[in-house]
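Structure first, then comments.
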Amino acid sequence: MLARILFLAAVLLPCALHAEETPAENPGFARRLTIYLAKGAPDACGPGCDRWIAIEGEIDGDASQRIRRFLAGVKDTQRPI
């Protein structure tokens, strides 16, 4: 009987540990890193600021390349991120 319990624990424990490491899905948020120009209400990002660069999602292997490409095309270099 003890051998069966130990076997069951050995089989189920790795699955339980993996499930805890998996991040929870957040509805409404990008899974892959996404960069875009955002616009809000007057003073949304500070006094006199209503536009900013938004970055959301998980960092992946080519995230830095996408950020560089995006920022190279942004004309207003004073926008907050």
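Brief remarks on what is shown
- Approximate spin-label separation residue 65-residue 51, in nm, with each point projected 7 Å along Cα-to-Cβ: 2.9 nm
- Calculated FRET efficiency, residue 33 to residue 72, Cβ-Cβ distance, R0 = 22 Å: about 0.85 to the nearest 0.05.
- Three-way shape call for region 29-81 based on the alpha-carbon gyration tensor, with the a/c threshold at 1.5: oblate
- Per-residue ³J(HN,Hα) for region 52-68, Karplus 6.51 cos²θ - 1.76 cosθ + 1.60, θ = phi - 60°, Hz, x for Gly and Pro: 8, 9, 9, 10, 9, x, 8, 6, 10, x, 10, 4, 5, 5, 5, 5, 4
Every read-out reported here was derived from the displayed coordinates using simple, explicitly stated rules and does not represent laboratory data. Since we're looking at a predicted model, the values are computed, not measured. No Cβ is skipped: glycine too gets one built from the backbone with ideal geometry, and neighbour counts run over all protein chains shown.
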